[in-house]
1. Scan the range 61-75 and report the pairs whose first residue is under 10 Å from A49 (Cα atoms) and whose second residue is of a type in the set (F, W, Y) and modelled with pLDDT of 95 or more, with Cβ atoms within less than 9 Å and a gap of 6+ or a chain change.
2. Picking from S21, S7, which residue would you name as being over 24 Å from T100 (Cβ atoms), of a type in the set (S, T, Y), in contact (Cβ under 8 Å) with a residue 24 or more places away in the chain and surrounded by 14 or more Cβ atoms within 10 Å (Cβ to Cβ)?
3. What is the number of the single condition among (1) modelled with pLDDT of 95 or more; (2) open to solvent by less than 70 Å² (accessible area, probe 1.4 Å) that Q110 does not meet?
4. Being over 24 Å from R53 (Cα atoms) and not hydroxyl-bearing (S, T, Y) is the filter here, so list the residues in the range 80-115 that pass it.
5. Considering only the range 38-47, I want to know if a residue exists there that is within 13 Å of S21 (Cα to Cα) and in contact with a Ser or Thr (Cβ under 8 Å, 6 or more places away or on another chain).
Amino acid sequence: QVQLVESGGGLVQPGGSLRLSCVASGTNFGLYTMGWYRQTPGKQRELVARITRSDSTNYAESVKGRFTISRDNAKKSVYLQMTSLKPEDTAIYYCNAALTIQNYWGQGTQVTVSS
């Protein structure tokens, strides 16, 4: 069993930056593919960025060049550095841990980009 706790969300002006953090409990964190997803009302949850246990990353087209995902296995943590934020980045951001059929979600953290 893995529990995920996100932090770092908040209100930021367009063009600003935020860093989201996700801390995991449980064992074998380094084996999991970790991801950040986001969801807005009435829309499906979408992948923002993902990092595998070998540190291979992939990003949604809409965030490439602006967001960076990273992980620290010693701290059982994954991060999402978000820069040049746009109003359309406003969403609840969820941390995800996936390994074979295991799939865990955090409770989400709100990111609002507005002037």
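1. The qualifying pairs are F67/W36; F67/Y59; T68/Y59; T68/Y79; I69/W36; I69/Y59; I69/Y79; S70/Y79.
2. Selected residue: S21, the only one of S21, S7 that is over 24 Å from T100 (Cβ atoms), of a type in the set (S, T, Y), in contact (Cβ under 8 Å) with a residue 24 or more places away in the chain and surrounded by 14 or more Cβ atoms within 10 Å (Cβ to Cβ).
3. Only one criterion in (1) modelled with pLDDT of 95 or more; (2) open to solvent by less than 70 Å² (accessible area, probe 1.4 Å) is unmet by Q110, namely (2).
4. L85, K86, P87, E88, D89, A91, I92, Q110, V111, V113
5. no
For every residue, the table says whether it meets (1) surrounded by fewer than 16 Cβ atoms within 10 Å (Cβ to Cβ); (2) of a type in the set (S, T, N, Q); (3) modelled with pLDDT of 95 or more.
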{"position": "G26", "(1), (2), (3)": "yes, no, no"}
{"position": "M34", "(1), (2), (3)": "no, no, yes"}
{"position": "Q44", "(1), (2), (3)": "yes, yes, yes"}
{"position": "R50", "(1), (2), (3)": "no, no, yes"}
{"position": "R53", "(1), (2), (3)": "yes, no, yes"}
{"position": "V63", "(1), (2), (3)": "no, no, yes"}
{"position": "K86", "(1), (2), (3)": "yes, no, yes"}
{"position": "Y94", "(1), (2), (3)": "no, no, yes"}
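The values are calculated or read from the model by the stated rules, or taken from the named source; none is laboratory data. Keep in mind the model is a prediction, meaning the values are calculated, not measured. Ideal geometry is used to build each Cβ from the backbone, glycine not excepted, and the neighbour counts take in all protein chains shown. With ligands, DNA and RNA removed, areas are computed over all heavy atoms of the protein, side chains included. Shrake-Rupley method; radii C 1.70, N 1.55, O 1.52, S 1.80 Å.
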